[in-house]
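Every read-out reported here was derived from the displayed coordinates using simple, explicitly stated rules and does not represent laboratory data. Small disclaimer: the values here were computed from a predicted structure and weren't measured. Note that each Cβ is placed from the backbone with ideal geometry, even for glycine, and that neighbours are counted across all protein chains shown.
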Amino acid sequence: MGCRLIAEDPRHGPVTGRIVEVEAYIGEEDRASHARFGRTTRNAVMYGEPGLAYLYLVYGMHTCLNVVTEPSGRPTAVLIRAIEILTGVELARANRIAREAALKRFRGDAAALARVGARIAATPTERLASGPGLVGAAFGLDPTMTGLDLCDPDSPLRIELDPGAGPVTVRVTPRVGIAYAGEPWTSRPWRLLVAGNRSVSAPTGSA
DNA sequence: TGAATGATGCACT
DNA sequence: GTGCATCATTCAC
């Protein structure tokens, strides 16, 4: 929280933004975590070095970005749920449009594509990455980026301190979309968000 | 090999 | 507020 995410596009430059909402997934005992079944091919990187990126496809279409947080052998990760985009805004919009076009397979339906373009052009900048799937779309992320070192200043996908960020109030709530996990995991206050920030995901963002 | 199921977002009512 | 798109990953057989 309070750091910046930077995604370098070799052709079009970087998109950067401030992380304003995250969720923690802690250990195999956390029934909401991808590590709840133990180590698998998909989640192996969660057992790796802290600072590595873990990206996966959810609901068959959205890419979510996580950061491994604890030393090797203990599967923990933080899901980046929302970002306030600071630079590369137009590239972020283009990424959003491209992702949605790919998703809907318009097959040359120019009118439908134009409607998506118009809607995203009208989306306020602060809502371009206000959800975990939207972060993936706006920053042009995909699961093949798993394993990148987010702490490496030379990495095309990285996290840096944000000296420009002033003091903020951090609010905690239960995590979103994990009803299947059961108690006590559904109630654990492991979602963190910047209070009052307009880039926080709806609908619980106002909580 | 097969079936169930999501760490979601959008269109429509 | 409800329904749906869409498929990799997972577990059970």
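The table below lists the values:
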{"quantity": "Inter-label distance, nm, simple model (7 Å from Cα along the C-beta direction), A:GLU100/A:ASP154", "calculated": "3.8"}
{"quantity": "Angle between chain A longest axis and helix A:89-104 axis [Cα atoms, degrees, rounded to 10]", "calculated": "90"}
{"quantity": "GNM top mover of A:LEU128, A:LEU86, A:LEU141 - chain A, alpha-carbon springs below 10 Å", "calculated": "A:LEU86"}
{"quantity": "Distance between segment A:58-95 and segment A:101-165 - C-alpha centres, whole angstrom", "calculated": "10"}
{"quantity": "Most mobile of A:GLY182, A:GLY17, A:GLY51 in a GNM of chain A (Cα contacts under 10 Å)", "calculated": "A:GLY182"}
{"quantity": "Degrees separating the helix A:110-122 axis from the principal Cα axis of chain A, which is the longest one", "calculated": "70"}
{"quantity": "Cα→Cβ-extended label distance, 7 Å offset, between A:ALA179 and A:ARG36, nm", "calculated": "1.4"}
{"quantity": "A:ALA112-A:LEU86 FRET efficiency (beta carbon distance; Förster radius 35 Å; 0.05 resolution)", "calculated": "0.70"}
{"quantity": "Residue with peak Gaussian network fluctuation, chain A [Cα springs, cutoff 10 Å], from A:GLY147, A:GLY196, A:GLY88", "calculated": "A:GLY196"}
{"quantity": "CD proxy at 222 nm, helix term only [per DSSP H run n ≥ 4: -39500 (n - 2.57); per residue of chain A; nearest 500]", "calculated": "-5500 deg cm²/dmol"}
